[in-house]
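Contents: one structure, followed by commentary.
Only the coordinates and a few stated rules stand behind these numbers; no lab work does. Here the structure is a predicted model, which is why all the values come from computation and not from measurement. Cβ atoms come from the backbone with ideal geometry, glycine included; neighbour counts cover every protein chain shown.
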Amino acid sequence: MIFDISFSRRGCRFSGKVLAAAACLAFSSAFFAGCSASADGSVTELTVWYGPSSSDSPPPPDDWSFIARVREELGIKLTIVPLPSSVADQNEKIEAAVRSRSLPDLFMVTSDELVSLAKRNEIARVDRMYKMMPYRTAHMYDEDARAASSFDGASYGLSQSGSIARNEGIFIRKDWLDKLNMPVPETLEDYMNVMRRFTTDDPDGNGKNDTFGYGAFIETTVMSGGLGRRLEPFFGAFGVAGTFNMTKKNAGLNIYKEGFYDAVEFIQKMVMERVIDPNWLAYGKDDFREAWKNGRFGIMREQNAAFGLERGYKPFDEKFPDGEWILINPPKGPDGLQSVGCYTQGYRTYAVSRRAAELDKLPAIARLLEWMSTDAYYLVAYGEEGVNFMFDSDGKVTTEGLPDPELAYSKTAAAPLIQLRNMVFYNSDSELSARYPEWTTKNGKKISALSILRDMQSRPWTAALGADRLPPPPPELKKMYENGILDFVTGKRSLSRDNWKSFLAEFDRLGGKKWEAECISFAEDNRLLGEAARIDSAR
């Protein structure tokens, strides 16, 4: 039998001569079972809770063509619900669903919540799904990705390396520096001096006392606990970026390290002198981004796409066409240490509820995901061909030649149509080039989120590979850990060496040392510890 098959993301296509008709019929029937609706014509209802590609944009419209195609081509009645942008709010929503026994069929989940759900038997094993998704598995679910969501040899989540490592950096308002005739800060002292003047010397020239030196919000993860990653550069200046030290020599919780107290003391000084936007305690991710776009502060840690894509930067550009942000190195501490923060190979994970497995929905979920990565890839990633994107002569995605350029996938208007794109991206070079197109601001400056990414990745970072897989602390200990540090930096609890020792003793009584021992044991068993502290930088 001679059988030539070609496959394309733009559809299931066959070519070639078939010399055995019976064999062809059998093969094609089996093949198209993965590309089309159920053979018996039945409809499967699926609910998916997804992480939006753009948290500050609306969800897809009710008449989105994707939903209709899913029903027509796959026999699936799909309901999609966006998860909150805050990790804490995501976990709260999932836990509320657990309590009400209403977990969706498929939902995005953090690594610590995945562990918790697996221990309580709330989610299904997904091992058998990989063979149901040959294309997606080959491109997204390699051995490392599977290991990221596996426990005791069983896979409990579909993890894809959708999160790009080291994709954040320190930005500063260069136009404010120029107005105040100040150089780019390098040391902690430099940073503090700049933050003071950004707060007190009217850097935007509007005659109002309405600016601050630094902007942040609390964004904690397993590997970036305490005050979260937006303030990690100040911990990095003392060699304690991240929750856990991932080296063989010094493995352990950074809260026990000498530099941790010094970092807390520095941030407390920022708070007490009001050089940090006082709304940082109330801000969520979207509030924080609205604030920098409104010119509220002059230094921040931000992500490349949130800053550099046209739809994200445009509100700032419209308000401040002569405003200019530049990337700078994180502050150097007293011993010359510096780090934007800790990083690992991040994974975006989706879990399947136990109830979905009991109702035999795994094949339908696999069919949907495989279809999204093949036939519907461009629809999910870039919108409608001819409306939101075009193909150039080389078959690459472009926005050139669109009837209405304002509907390009890179523009704000198209953001609702590509909210699921993170479910199909796997970060190839060609994909990144299409995801991060260069564009021009009102004053003629060219901005490329891809160039910004490469610059960010060249800055000093602390390697913490596998730290996101460490056992999470018990809820009571986590609460004490985060609230205790917050009480010190806000002045609710007086910060002194004696009070810090008392805090650590209380932390130990609640299980701090036990948690540290569990993390070290897990890291050693899984060979996650490095030989020495590693600060990755090309500079």
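Cut-off under 15 Å on the C-alpha distance; same-chain residues fewer than 8 positions from LYS514 excluded. Which aspartates and glutamates are left, in chain and number order? Result set, ordered by chain and number: GLU476, GLU506. Beyond 24 Å in Cα-Cα separation lie the following of the pairs LYS285/LYS319; LYS93/LYS293; LYS248/LYS513; LYS119/LYS248; LYS174/LYS314: LYS93/LYS293; LYS119/LYS248.
Here the 3J(HN,Hα) profile of segment 348-360, calculated from phi with Karplus coefficients 6.51, -1.76 and 1.60 at θ = phi - 60°, is 9, 10, 10, 10, 10, 5, 4, 4, 4, 5, 4, 8, 6 Hz, Gly and Pro shown as x.
Would you mind ranking MET182, MET270 by Cβ crowding within 10 Å, fewest neighbours first?
Working: MET182 17, MET270 22.
Fewest-to-most Cβ neighbours within 10 Å comes out as MET182, MET270.
The residue list SER54, SER116, PHE425 was ranked by how far each Cα lies along the charge dipole of the chain toward its positive end, using unit charges on Cβ atoms, and SER116 comes out on top.
Listed by chain and number, the lysines whose C-alpha is less than 19 Å from the C-alpha of LYS492, apart from same-chain residues fewer than 8 away, are LYS269, LYS478, LYS479, LYS501.
For the pair segment 88-120 and segment 281-344, the centres of their Cα atoms are 30 angstrom apart. Taking every alpha-carbon pair under 8 Å whose residues sit at least 6 apart, segment 387-536 reaches a relative contact order of 18 percent. Amide H to amide H distances under 5 Å link LYS77 with THR44, GLU45, LEU46, where only residues 5 or more positions off or on other chains count and H is placed in the peptide plane. Phi angles across segment 246-255 convert, under the Karplus curve 6.51 cos²θ - 1.76 cosθ + 1.60 with θ = phi - 60°, into 3J(HN,Hα) values of 9, 9, 4, 6, 10, 4, x, 5, 5, 4 Hz, Gly and Pro given as x. Based on Cα contacts under 8 Å between residues 6+ apart, segment 78-226 shows a relative contact order of 15 percent.
Quick check: the distance between the Cα centres of segment 164-189 and segment 393-436, to the nearest angstrom? Their Cα centres are 30 Å away from one another.
For segment 440-539, GluC sites (Glu not before Pro) meeting the loop criterion (DSSP other than H, G, I, E, B) and having at most 10 other Cβ atoms within 10 Å: GLU531. Within a straight-line Cα-Cα reach of under 12 Å, LYS257 cannot be paired with any aspartates and glutamates, leaving aside sequence neighbours fewer than 8 residues apart in one chain. Taking K and R as +1 and D and E as -1, what net charge do the other residues with C-beta under 11 Å from the C-beta of GLU219 add up to? Around GLU219, the charge tally is +2. Dipole of segment 303-350 computed with +1 at Lys/Arg Cβ and -1 at Asp/Glu Cβ about the Cα centre; of GLN303, GLY333, GLY323, farthest Cα towards the positive end is GLN303.
With contacts taken as Cα pairs under 8 Å and at least 6 residues apart, the chain reaches a relative contact order of 21 percent. Taking amide H positions as modeled 1.01 Å from N, with prolines and chain starts lacking one, the residues under 5 Å from TRP325 and 5 or more places away or on another chain are LYS174.
Taking amide H positions as modeled 1.01 Å from N, with prolines and chain starts lacking one, no residue 5 or more places away or on another chain lies under 5 Å from ARG125. Taking the fewest neighbouring Cβ atoms within 10 Å as the starting point, the ordered list for SER339, SER159, SER448, SER353 is SER448, SER353, SER159, SER339. Quick one: grab the alpha carbon gyration tensor of segment 88-154, order the square roots of its eigenvalues as a ≥ b ≥ c, and give me rounded if a/c is under 1.5, else prolate or oblate depending on whether a/b is larger than b/c. Taking the square roots of the gyration eigenvalues as a ≥ b ≥ c, segment 88-154 is prolate. Is the shape of the chain rounded, prolate or oblate, going by the alpha carbon gyration tensor and its root eigenvalues a ≥ b ≥ c, with a/c under 1.5 for rounded and a/b larger than b/c for prolate? Here the chain falls in the oblate category. Looking at segment 425-500, the trypsin sites (Lys or Arg not before Pro) that sit in a DSSP loop and have at most 16 other Cβ atoms within 10 Å of their own Cβ are LYS442, LYS445, LYS492.
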